[in-house]
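Just so you know, all these numbers are worked out from the coordinates, no wet-lab data involved. None of the values given here were measured: they were computed from a predicted structure. Don't worry about glycine lacking a Cβ; one is built from the backbone with ideal geometry, like all the others, and counts go over all protein chains shown.
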Amino acid sequence: MNLLHNYEELVAMILFAIGFTMLVFSRNLIKKIMGLNIMDTGVFLFLASMGYVAGKETPIVPPTGQVEAGDYINLIPSGLVLTGIVVSVSVSALMLALTVQLYKRYHTLNLDEIYLKAYGGEK
């Protein structure tokens, strides 16, 4: 069974699916932000699992000896995950700040109610 050997990818897909359904089907803004963060976590887990190679070492070059590039793991996925986490935290902070301002103005976090209050049901 190949799924048992790649359980990290399976968990990443499940996290992405949970976050995506929260993002699409929830009407509450806080739940949408949480869904986006869960989606991000799934993507980060997937990238981190793709960067890991069993039996390889971190690319710290020893002071002596022959160095072979195939003996080390790839650091690009780790760098992408770290950069993605920083961007995700910044986007989450901005979305939460905007959500607070929306709540102060409309006294609700439901998108349908905000739309009705903002546009008065006009078309």
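Details
- Across the stretch 101-118, computed HN-Hα scalar couplings (Karplus, 6.51 cos²θ - 1.76 cosθ + 1.60, θ = phi - 60°) run 5, 5, 5, 4, 7, 10, 6, 7, 10, 7, 5, 5, 5, 4, 4, 5, 6, 6 Hz from first to last residue, x flagging Gly and Pro.
- For Y72, the residues 5 or more places off, or on other chains, whose built amide H falls under 5 Å of its own are E57.
- Mean residue ellipticity (222 nm) of the chain, computed from DSSP H runs ≥ 4 via -39,500 (n - 2.57), nearest 500: -23500 deg cm²/dmol
- Cβ-Cβ FRET estimate between I76 and Y115, R0 fixed at 35 Å, reported to 0.05: 0.25
- If you wrap the tightest convex hull around every Cα atom of the chain and split its volume per residue, you get 128 Å³.
- For S26 and L94, a Förster radius of 22 Å and the Cβ-Cβ distance give a FRET efficiency of 0.70, rounded to the nearest 0.05.
- Using the Karplus relation 6.51 cos²θ - 1.76 cosθ + 1.60 with θ = phi - 60°, the per-residue 3J(HN,Hα) values for the stretch 48-58 come to 5, 6, 6, x, 7, 10, 5, x, 9, 10, 6 Hz, with x marking Gly and Pro.
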